[in-house]
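Following: one structure in structure tokens, then a few remarks.
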Amino acid sequence: MKRSLQAHARAYAHILAQLFAAQGIAGQLLTAERGARYLALGTRLYDPQQVNKAIKIAEPLALAAKIETVIAARQIGLVTFQFELQKSFWQTFTRAEVSGLAVGLAERRRPIEFSFDDAPHALFAGTSGSCKTEAVKSALVALVQTCPPAALGLVVIDTNSELDDFRNCAHLAAPIAGDGKEAAAALSYAHRELARRKAGNIKDDKRLLVVIDEISDLTADPANVAMLKDIAKQGRKYRLNLMVGNQKPSQKELPAILDNLLNRFVGQTDNAQTSAILTGHSGLAAHRLTGAGDFLHVAGGKADRFQIARATAADFASLERKPAPPMPAAGPVIDLPDPVSPAGGRPKAGVDFAVLGAYFARKVMNRHLSIAGATARFGHKRTIHNRYVEAMNALNGGFYAELNKLRGIAQ
């Protein structure tokens, strides 16, 4: 660290020791590390049962140090206190300073990587000014520069025109969806692909990543929510993944989707409650981050604070390009009332054409699917299975009624 930073570290260590003594907390200062926006002092407590007491002195520390924020967090064997630095000491990074799947740098310039191994589906969240979209861009550049188009396909839903830099990227499985109709078509395409892979038990096809810059733009439509839930719950087995952006989890349907988004990149939030919802932990204090790329990565019970490495024009210019395939046809999902609630008390749920076709083919061959068979093949429980049977019967009746009518006309 620079001499001036060393002086700050000594001053903060002295204040920390004083407050520990005043609160009757016994411990030893072991580490002093520099982050992009903070100095982190790591202390080992002599009595681990005092961890909550130690974490609660973050606000008094900030007041005594005459700084905006101190964030206290438990790490392996330590309690760390992150003292926010003056803006003149802040660091910013670009992708030229990282490599591979890294999306940013933590303390000691340690890379934080985007990996499907952390969890199959990812959340990128943060309020306006947090640089949530810049984090998505950095992760996407890392992925497409690391994975060839034969190994990774992208379905990008960008109703706010934030991801135009990826237009005609060679990894696109469809053009970037820019409005509600295109978004529904793109999501339906991914949902059909899930059904196709499920029907054939295909688990080694190339990875398909559905990228949604702002999920709240989609959740007003129950059909979209039903498809998102299916992909979130079942996509991992079939190499279908979600990368979801969100500013604030205020929509009614989001908590159920968030439960499956366990690879979390969270920037500054507007309050402690939102921080707890988005990070999945009550004590991580994302509302005290500094914004502008200051992020937490939360996965597998571990949390790392880091600074986003922003993608630049040079990064986008280096991407492989080719004309995108045509937009998939809209309307591949039928909306049918839930048979348990014919009065419409529950939202409509989607029935996928490809799966419905499988039901119909078995009916034609007089090899009807039982509930057990539907569960084994498609993961359908009784209610969903009954919905498909009703849809199949309606399709069958309409088909033969019209066929007989046409035959009568022909005669």
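The values are calculated or read from the model by the stated rules, or taken from the named source; none is laboratory data. Small disclaimer: the values here were computed from a predicted structure and weren't measured. Positions of Cβ are backbone-derived with ideal geometry, glycine not excepted, and every protein chain shown enters the neighbour counts.
Test V103 against the stated conditions and say whether it is part of a strand (DSSP E or B) and either within 19 Å of the chain's Cα centre (by Cα) or free of Cβ contacts under 8 Å to residues at least 60 places away in the same chain (or both). The answer is yes for V103.
Residue-by-condition table, conditions (1) modelled with pLDDT under 75; (2) assigned to a helix (DSSP H, G or I); (3) closer than 23 Å to A223 by Cβ; (4) of a type in the set (V, I, T):
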position: G344; (1), (2), (3), (4): yes, no, yes, no
position: G350; (1), (2), (3), (4): yes, no, yes, no
position: L356; (1), (2), (3), (4): no, yes, yes, no
position: H368; (1), (2), (3), (4): no, no, no, no
position: A372; (1), (2), (3), (4): no, yes, no, no
position: H385; (1), (2), (3), (4): no, yes, yes, no
position: E390; (1), (2), (3), (4): yes, yes, yes, no
position: F399; (1), (2), (3), (4): yes, yes, no, no
position: G408; (1), (2), (3), (4): yes, yes, no, no
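Only residues that are surrounded by 14 or more Cβ atoms within 10 Å (Cβ to Cβ) and not small (G, A, S) were counted across segment 57-71, and they come to 7.
Any residue in segment 130-145 that is assigned to a loop (DSSP other than H, G, I, E, B), under 28 Å from T269 (Cα atoms), in contact with a strand residue (DSSP E or B) (Cβ under 7 Å, 6 or more places away or on another chain) and at pLDDT 95 or above?
First pass over segment 130-145, keeping only residues assigned to a loop (DSSP other than H, G, I, E, B): 130-131.
Right, trim to under 28 Å from T269 (Cα atoms) and you get 130-131.
Going one step further and asking which of them are in contact with a strand residue (DSSP E or B) (Cβ under 7 Å, 6 or more places away or on another chain), we end up with 131.
Now drop any that are not at pLDDT 95 or above, which leaves 131.
Scanning segment 130-145, I find at least one residue that is assigned to a loop (DSSP other than H, G, I, E, B), under 28 Å from T269 (Cα atoms), in contact with a strand residue (DSSP E or B) (Cβ under 7 Å, 6 or more places away or on another chain) and at pLDDT 95 or above, so the answer is yes.
For segment 259-273, check the following and say yes or no: at least one residue is farther than 30 Å from A72 by Cα and at pLDDT 95 or above. For segment 259-273, residues farther than 30 Å from A72 by Cα and at pLDDT 95 or above: absent.
For V155, the criteria (1) in a strand (DSSP E or B); (2) over 24 Å from the mean Cα position of the chain (by Cα) hold in every case but one, which is (2).
G24 meets each of the listed conditions (1) in the same structural domain as A139 (by TED's automatic domain parsing); (2) over 19 Å from F306 (Cα atoms) apart from (1). Against the condition hydrophobic (A, V, I, L, M, F, W, C), assigned to a helix (DSSP H, G or I) and touching a residue at least 24 places away in the same chain (Cβ under 8 Å), how does A54 come out, does it pass? The answer is yes for A54. The C-beta contact set for segment 272-291 (first residue farther than 19 Å from F83 by Cα, second residue hydrophobic (A, V, I, L, M, F, W, C) and surrounded by fewer than 18 Cβ atoms within 10 Å (Cβ to Cβ), distance under 7 angstrom, 6+ apart or interchain) comprises S282/A276.
Here are R108, R74: which of them is surrounded by fewer than 17 Cβ atoms within 10 Å (Cβ to Cβ) and assigned to a strand (DSSP E or B)? Exactly one of R108, R74 is surrounded by fewer than 17 Cβ atoms within 10 Å (Cβ to Cβ) and assigned to a strand (DSSP E or B), namely R74. Looking only at residues of segment 233-252 that are surrounded by fewer than 19 Cβ atoms within 10 Å (Cβ to Cβ) and at pLDDT 90 or above, we find that the one that is farthest from the chain's Cα centre (by Cα) is K237. Note on segment 128-182: among residues that are closer than 14 Å to E320 by Cα and among the polar types (S, T, N, Q), the one that is surrounded by the most Cβ atoms within 10 Å (Cβ to Cβ) is Q145.
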